[in-house]
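Presented below is the structure to which this report refers.
The values are calculated or read from the model by the stated rules, or taken from the named source; none is laboratory data. Bear in mind that the values here come from a model prediction, so they are computed numbers and not experimental data. A quick note on method: Cβ atoms are made from the backbone with ideal geometry, for glycine too, and the neighbour counts reach across all protein chains shown.
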Amino acid sequence: MLPTLNMVGDFIALERITHRLKLLEIGDVVVCVTPTDPWRSVCKRILGMPGDRVCIDPTAVNRRYITVPSGHVWIQGDNMSNSTDSRNYGPVPYALIKGRVFARVSLNIVHNRLIFQRLTSSFIAKGLAGSLLGEEWACFT
């Protein structure tokens, strides 16, 4: 999930209600079990909801599209050049989703403080890259 989440030093805050009520939307970051390995969880962004028509590989010359089936979502990592996601294993069933990420928690060692940043899907819905709202809504020194 680079550049949204760092490989080292970031923690995520997860809520487990939204996906059970089927209130997820495009742009939400979720944690789910991979369809290929039931012992592995991944953190990816939702790019397609049931009934949506999504491009399997937007970088390909001959683009192919798929319609997301009912009860599934299309997920992709933010680092598209180095991400194993729905482009590899297809639409992911809702049942494999563990929860929605609502915040990133990181430790700023230089300034000796703990930073909470709220994740939002509004930038992605507008077609812009990046998912952090950018505001620090809790900071402890």
*asked:* If SER70 satisfies all but one of (1) at pLDDT below 95; (2) surrounded by fewer than 15 Cβ atoms within 10 Å (Cβ to Cβ), what's the number of the condition it fails?
replied: (1)
*Of these, LEU119, LEU128, LEU132, which one is closer than 20 Å to ILE26 by Cβ, modelled with pLDDT under 70 and in contact with a Lys or Arg (Cβ under 8 Å, 6 or more places away or on another chain)?*
LEU132
*Somewhere in region 85-94, is a residue under 17 Å from LEU119 (Cβ atoms), within 15 Å of the chain's Cα centre (by Cα) and of a type in the set (A, V, I, L, M, F, W, C)?*
no
*Output the residue which, of all residues in region 15-40 that are more than 12 Å from VAL92 (Cβ to Cβ) and in a strand (DSSP E or B), is farthest from the chain's Cα centre (by Cα).*
GLU15
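Report whether or not THR84 is in contact (Cβ under 8 Å) with a residue 40 or more places away in the chain, in a loop (DSSP other than H, G, I, E, B), more than 17 Å from VAL101 (Cβ to Cβ) and not small (Gly, Ala, Ser). Before you say what the answer is, go through the steps one by one.
Working: in contact (Cβ under 8 Å) with a residue 40 or more places away in the chain: yes; in a loop (DSSP other than H, G, I, E, B): yes; more than 17 Å from VAL101 (Cβ to Cβ): yes; not small (Gly, Ala, Ser): yes.
So THR84 passes the test.
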*Find the residue count for region 15-48, including only residues that are surrounded by fewer than 17 Cβ atoms within 10 Å (Cβ to Cβ) and either aliphatic (A, V, I, L, M) or closer than 19 Å to SER83 by Cβ (or both).*
9
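Looking at VAL105, is it in a loop (DSSP other than H, G, I, E, B), of a type in the set (Val, Ile, Thr) and at pLDDT below 95? Let's see the steps before the verdict.
Values: in a loop (DSSP other than H, G, I, E, B): no; of a type in the set (Val, Ile, Thr): yes; at pLDDT below 95: yes.
Judged against the criteria, VAL105 is not a match.
Given VAL73, VAL42, VAL29, which one is in contact (Cβ under 8 Å) with a residue 12 or more places away in the chain, in contact with a helix residue (DSSP H, G or I) (Cβ under 8 Å, 6 or more places away or on another chain) and within 27 Å of PHE116 (Cβ to Cβ)? If you could, list the steps in order and put the result at the bottom.
On the way: VAL42 fails: in contact with a helix residue (DSSP H, G or I) (Cβ under 8 Å, 6 or more places away or on another chain); VAL29 fails: in contact with a helix residue (DSSP H, G or I) (Cβ under 8 Å, 6 or more places away or on another chain).
From the options VAL73, VAL42, VAL29, the qualifying one is VAL73.
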